[in-house]
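Only one structure is covered here, and it is reproduced in the block below.
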Amino acid sequence: MFRRALLTLFIALGARLVLSADAPVAPWDGAIKRDIEAFVARVMATGFTPGLAVGIVRGDDEVYAQGFGFADREAGRAVTAETQFYIASTTKSFTGLAAALLATRGELDLDASLRRYLPDIVLHPARSPDDITLRALLTHSHGIQPAGPVDFRAAYSGDFADGDLVRLLRLHPAAPTGHAFTYSNLGYNIFSLVLDARYKEGWKNVLQREVFAPLGMRSTTAWMSRADTNRLAQPYEFRKGRPERVSYAKADANMQAAGGHITSVHDLLRYLRAQLNEGRIDGRQALPARAIASSQQKQIDQHRTFGPFQRHGWGLGWDIADYEGDTILQRFGAFQGFRSHLSFMPERDLGVIVLSNGGGVSSPFTDLVATYVYDRLLQKPELEARYEERLESERRRIVAAIEKDATTRGARAQTTPLPWTAYAGTFESEGWGRMVWTLEEGRLKVRMGLAIGDVEVYDGARYQFRVSLTGSGSVVTFVVPAGAGAPTALRFADETFARVAP
């Protein structure tokens, strides 16, 4: 009986995989469009995100581009296919492609050492720039501990001058995982320092020249100062039962090569067309086919599960994954107030874009819209029932998580042994920079460069506070000597910040 049941299961699984692999892509028509828009309407009805933008490409055809909801809810400004969203780590695919383009022309040797391009660089004694290649930087196998001052300053505080990031790399120890694939921002941050040294125009202009200009991506930029404020999606996070506007935590200084662009669905459709057509777009060879192929080729193994995706490889800026029997290349991004999904199935000639300004809680729904699009086009059975169940399951899970977090945080007494004024002041670390605590309207606020966070008591008796400088909570512990009336230092990210005299 057991063997028969097992055989039946294998046959069923096999049939599902065959169906996924062999099912033809449905021709685009009004029924598909209506189904997709009806599903997006159900996602929007959850109330977890103010706005979404969706794009679909088939081969060289942009078959769909549409906005839903609000880019700016307070102003009543709607999302369109031209709305500019911040896309966070989706940027890595741009940087990886730029690296492939430069390597194809022989301007960079991705297998040369870091020392060759940054001869004066000094790393932690446990790591040598002679043993790290540019390819290792781009494939997350450089062996440097990612969490540290360079990663934080580049992505969050934006507090650095020329040469600071190179100098601060010595404060990053060796990664405990060695040269194994370990996803982070740091390798791409260091690669941008290589571009800055090699090309005096800077990494932002290199990507503009190499990728965006040839593809006609006119709404894509790494300069927030160049954003069209009339098209810019504003960030929201789900708080107090509804999406709440949060600060736009990005400016020119903290837009970085691992996560530092704004773009639109229309621009990303052009990008995916080039990815699916060996660099051709609008009847011309905009980018060399060899470079496109190089960026998509597996460079290193990885073993990560992300929702329904089984990620088994990494290209140059792309996760290579399996989705129900289909190979899918993808690069997602998440940051305070934003979530982006960019993916394509090379063997299907299909690509999907979903952009959201709903922050953390919108993350699973962003991917759910994308997989619905793929599954609808691949004509998978029992689609509506399965997705209705998945949508409701995700909704219940998020509501439960929000309620649990609110209960946990609400149970913490908001009292400390010292008055609030005692904590106000400036604290400084050589590596991480300055942390400024202020008292505003009776509440503590904290700032590190461009990163601004709310503060709440975590454990008052131990002088601990919860801060949200990186979009998620971190604990800060103040150092208060016995009998002292004010802290002399604080601990954040395993680093000591000394109090600066007024």
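If you check R116, R170 for being assigned to a helix (DSSP H, G or I) and without any contact (Cβ under 8 Å) to a residue 40 or more places away in the chain, only one passes: R116. Would you mind stating whether G453 is in a strand (DSSP E or B), surrounded by 17 or more Cβ atoms within 10 Å (Cβ to Cβ) and within 22 Å of the chain's Cα centre (by Cα)? Judged against the criteria, G453 is a match.
Filtering the stretch 457-472 to residues that are at pLDDT below 95 and surrounded by fewer than 16 Cβ atoms within 10 Å (Cβ to Cβ) leaves only S472.
Can you name every residue in the stretch 268-296 that is open to solvent by less than 10 Å² (accessible area, probe 1.4 Å) and either of a type in the set (F, W, Y) or in contact with a Ser or Thr (Cβ under 7 Å, 6 or more places away or on another chain) (or both)? Across the stretch 268-296, the qualifying residues are Y271, A291. Looking across the stretch 473-482, the residues that are open to solvent by 20 Å² or more (accessible area, probe 1.4 Å) and more than 18 Å from I452 (Cα to Cα) come down to V479, V480, P481, A482.
Output the residue which, of all residues in the stretch 483-502 that are buried (at least 17 other Cβ atoms within 10 Å of the Cβ) and part of a loop (DSSP other than H, G, I, E, B), is modelled with the lowest pLDDT. The qualifying residue modelled with the lowest pLDDT is A493. Cβ-Cβ distances below 6 Å connect the following pairs, each with a first residue in the stretch 85-108 that is touching a residue at least 40 places away in the same chain (Cβ under 8 Å) and β-branched (V, I, T), a second residue that is open to solvent by 10 Å² or more (accessible area, probe 1.4 Å) and in a loop (DSSP other than H, G, I, E, B), and a separation of six or more residues or different chains: T104/P288.
Scanning the stretch 213-259 for residues that are of a type in the set (V, I, T) and open to solvent by 30 Å² or more (accessible area, probe 1.4 Å) yields a count of 1. Residues that are part of a loop (DSSP other than H, G, I, E, B) and buried (at least 21 other Cβ atoms within 10 Å of the Cβ) within the stretch 82-105 comprise T83, I87, listed in sequence order.
Selection of the stretch 305-323 for residues being open to solvent by less than 10 Å² (accessible area, probe 1.4 Å) and at positive phi yields only G317.
I'm trying to understand the selection: among the residues of the stretch 139-167, which are open to solvent by 10 Å² or more (accessible area, probe 1.4 Å) and under 17 Å from W203 (Cβ atoms)? Hits for the stretch 139-167 are D151, R153, G158, F160, A161, D162, G163, D164, L165, V166. Picking from residues in the stretch 168-212 that are in contact with a helix residue (DSSP H, G or I) (Cβ under 8 Å, 6 or more places away or on another chain) and more than 22 Å from S93 (Cβ to Cβ), the one that is most open to solvent (accessible area, probe 1.4 Å) is H179.
Residues that are at pLDDT 95 or above, among the β-branched types (V, I, T) and part of a strand (DSSP E or B): does the stretch 421-430 have at least one? Yes, some residue in the stretch 421-430 is at pLDDT 95 or above, among the β-branched types (V, I, T) and part of a strand (DSSP E or B). All of D326, D349, D367, D375 fail the test of being under 21 Å from E82 (Cα atoms), modelled with pLDDT of 95 or more and either open to solvent by 70 Å² or more (accessible area, probe 1.4 Å) or among the acidic types (D, E) (or both), apart from D367. Summed over the stretch 30-49, residues that are among the charged types (D, E, K, R) and under 23 Å from E244 (Cβ atoms) total 1.
Would you mind stating whether E441 is touching a helix residue (DSSP H, G or I) at 6+ places or on another chain (Cβ under 8 Å) and over 15 Å from F152 (Cβ atoms)? In short, no.
Each residue in the stretch 304-319 was checked for being more than 25 Å from D111 (Cα to Cα) and charged (D, E, K, R), and 1 of them qualify. Write out, first by first residue and then by second, each pair whose Cβ atoms fall under 8 Å of each other, whose residues are 6+ apart or on separate chains, and whose first residue, in the stretch 136-158, is at pLDDT below 95 while the second is acidic (D, E) and open to solvent by 10 Å² or more (accessible area, probe 1.4 Å). Nothing qualifies. Mind listing just one residue for me: the one in the stretch 18-75 that is acidic (D, E) and within 28 Å of the chain's Cα centre (by Cα) and, of those, least open to solvent (accessible area, probe 1.4 Å)? Among them, the one singled out is D72. Determine whether G358 is open to solvent by less than 10 Å² (accessible area, probe 1.4 Å), free of Cβ contacts under 8 Å to residues at least 24 places away in the same chain and either touching a strand residue (DSSP E or B) at 6+ places or on another chain (Cβ under 7 Å) or among the aromatic types (F, W, Y) (or both). Criteria not met by G358. Residues in the stretch 361-401 that are of a type in the set (A, V, I, L, M) and touching a strand residue (DSSP E or B) at 6+ places or on another chain (Cβ under 7 Å): V361, V369, A370, V373, L377.
Residues in the stretch 207-265 that are touching a strand residue (DSSP E or B) at 6+ places or on another chain (Cβ under 7 Å) and of a type in the set (F, W, Y): how many? Total satisfying the criteria: 1. Filtering the stretch 13-43 to residues that are modelled with pLDDT of 95 or more, outside any loop (DSSP other than H, G, I, E, B) and of a type outside the set (K, R) leaves G30, A31, I32, D35, I36, E37, A38, F39, V40, A41, V43. Give me the residue from the stretch 226-237 that is more than 17 Å from V265 (Cβ to Cβ) and within 18 Å of the chain's Cα centre (by Cα) and, out of that set, modelled with the lowest pLDDT. Result: E237.
The values are calculated or read from the model by the stated rules, or taken from the named source; none is laboratory data. Because the structure is predicted, anything quoted here is derived from the model rather than measured. Glycine gets a Cβ as well: all are built from the backbone with ideal geometry, and neighbour counts include every protein chain shown. These accessible areas exclude ligands, DNA and RNA; they are computed on the full protein's heavy atoms, side chains included. Shrake-Rupley method; radii C 1.70, N 1.55, O 1.52, S 1.80 Å.
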